[in-house]
1. So residue 14 passes all but one of these: (1) modelled with pLDDT of 95 or more; (2) open to solvent by less than 70 Å² (accessible area, probe 1.4 Å). Which condition number does it fail?
2. Identify all residues within region 290-326 that are hydrophobic (A, V, I, L, M, F, W, C), open to solvent by 50 Å² or more (accessible area, probe 1.4 Å) and at pLDDT 90 or above; write none if there are none.
3. What are the residues in region 88-124 that are of a type in the set (Lys, Arg) and touching a residue at least 40 places away in the same chain (Cβ under 8 Å), if any?
4. Tally up the residues in region 103-125 that are outside any loop (DSSP other than H, G, I, E, B) and open to solvent by less than 30 Å² (accessible area, probe 1.4 Å), please.
5. Could you list, in sequence order, all residues of region 156-190 that are assigned to a loop (DSSP other than H, G, I, E, B) and of a type in the set (Phe, Trp, Tyr)?
6. Considering only residues that are of a type outside the set (Ser, Thr, Tyr), open to solvent by less than 80 Å² (accessible area, probe 1.4 Å) and assigned to a helix (DSSP H, G or I), which ones fall in region 39-57?
7. Please verify whether residue 128 is touching a strand residue (DSSP E or B) at 6+ places or on another chain (Cβ under 7 Å), open to solvent by 40 Å² or more (accessible area, probe 1.4 Å), more than 29 Å from residue 168 (Cα to Cα) and within 16 Å of the ligand (Cβ to nearest atom), treating the condition exactly as stated.
Amino acid sequence: MVNTKTFINEILRDYERKRDRALREKEMRVEDIYHRIPRIAEIDQEITKVSIGISRSILNQSEDPEKALQSLKDKLNALKQEKAYLLTENNIPVQYLEVQYQCSHCQDRGFLPSGEKCSCFKQQLINKAYSMSNLSDILKKENFQSFNINLFSNEIAPGQETSPQNNMLEVLNICEGFVFNFDKQNEENLLFYGPTGLGKTFLTNCIAKALLDKGKIVVYQTAFKIFEVLEAIRFHNSQDKDHYQLLFDADLLIIDDLGTEITNTFTNSELFNIINSRLLSNKKTLISTNLTLKEIMNNYDDRIFSRLFSKYTLLKFFGNDLRWQT
Ligand SMILES: [Zn+2]
């Protein structure tokens with residue numbers, strides 16, 4: 001099951017592998033140096049011996065512990081100096097014999113001594129979420145920063161109560177609020193509806209990016225693809241269970257292009273299952289569709305319809321197709 005916990009466990013296992021590799025590589029470098037400069041192997045053995053000598057019990061047996069300690073320390077320093085000298089003479093950087101961690105802050109542990117998550121851990125969570133979202137590339141271009149409200153007309157068309165631009169400002173406001181309050185258990189879900197080319201997908205991407213950057217697991221999937229996965233599992237014994245489980249476990253599930261799939265009893269009951277399970281477990285969902293509300297009503301059974309209408313904020317997109325204006 002792929003949920004946040006296994007997700008984190010995977011990253012922690014990765015750290016373990018990284019540490020093991022770093023240690024192994026260090027051992028190999030040491031072996032190599034011992035082979036090239038045998039004196040260094042001797043020095044290391046002596047250093048170990050001297051270090052063991054600086055133990056309480058041995059010093060206690062000596063008549064003048066302080067003097068004994070000083071002489072051991074001198075010896076240790078002399079050995080270290082000789083080693084450093086040999087390395088320099090052979091053009092080998094001193095760090096060559098140290099463990100090379102990828103992250104020097106946490107030494108590939110993921111956590112700082114204070115117990116806090118290291119920034120490399122946080123970054124990995126974000127990367128992982130990105131790679132699972134199916135969105136990595138597009139989000140570089142489509143995000144709240146690049147959203148251009150001026151693409152929307154500020155003229156009120158006959159029969160409309162507001163201009164596309166004002167409507168979009170309101171939609172934008174709600175979307176930003178959705179992101180801002182994402183961690184609150186406020187049962188907020190979004191349904192974008194309206195014809196293509198009015199910025200639905202763009203805004204969906206804005207929300208996805210903002211949440212991914214907060215470290216949330218966002219999964220984007222077209223309705224068509226979702227039912228393809230579901231069908232493969234149900235009827236063709238597909239083993240793609242991780243993919244399936246993500247539909248339930250993702251912090252935000254984005255179902256794009258609802259209505260492009262073939263609707264039948266199977267898709268209706270599966271869609272209801274996803275929508276309802278996510279509502280029950282307080283997970284948020286964003287659905288985008290080119291259908292009108294009436295078409296949604298006609299295409300889906302009552303249970304789905306009533307969930308969408310009672311538990312989702314319905315956001316209407318209207319105006320002229322923006323794709324001709326850019
Ligand atoms: Zn780190």
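The values are calculated or read from the model by the stated rules, or taken from the named source; none is laboratory data. Bear in mind that the values here come from a model prediction, so they are computed numbers and not experimental data. When we count neighbours, we look across all protein chains shown, and the Cβ atoms used for this are built from the backbone with ideal geometry, even at glycine. Heads up: the accessible areas ignore ligands, DNA and RNA and are worked out on the full protein's heavy atoms, side chains in. Shrake-Rupley method; radii C 1.70, N 1.55, O 1.52, S 1.80 Å.
1. The failed condition is (1).
2. 297, 309, 314
3. Correct list: 109, 122.
4. Initially, region 103-125 is screened for residues outside any loop (DSSP other than H, G, I, E, B), giving 111, 117, 119-125.
Next, from what is left, pick out any that are open to solvent by less than 30 Å² (accessible area, probe 1.4 Å): 121, 125.
Total satisfying the criteria: 2.
5. 182
6. 39, 40, 41, 43, 44, 46, 47, 50, 53
7. No.
Per-residue answers, yes or no, for (1) open to solvent by 20 Å² or more (accessible area, probe 1.4 Å); (2) more than 22 Å from residue 312 (Cβ to Cβ); (3) touching a residue at least 12 places away in the same chain (Cβ under 8 Å); (4) not in a helix (DSSP H, G or I):
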{"residue": "192", "(1), (2), (3), (4)": "no, no, yes, yes"}
{"residue": "203", "(1), (2), (3), (4)": "no, no, yes, no"}
{"residue": "208", "(1), (2), (3), (4)": "no, no, yes, no"}
{"residue": "215", "(1), (2), (3), (4)": "yes, yes, yes, yes"}
{"residue": "227", "(1), (2), (3), (4)": "no, no, yes, no"}
{"residue": "231", "(1), (2), (3), (4)": "yes, yes, yes, no"}
{"residue": "253", "(1), (2), (3), (4)": "no, no, yes, yes"}
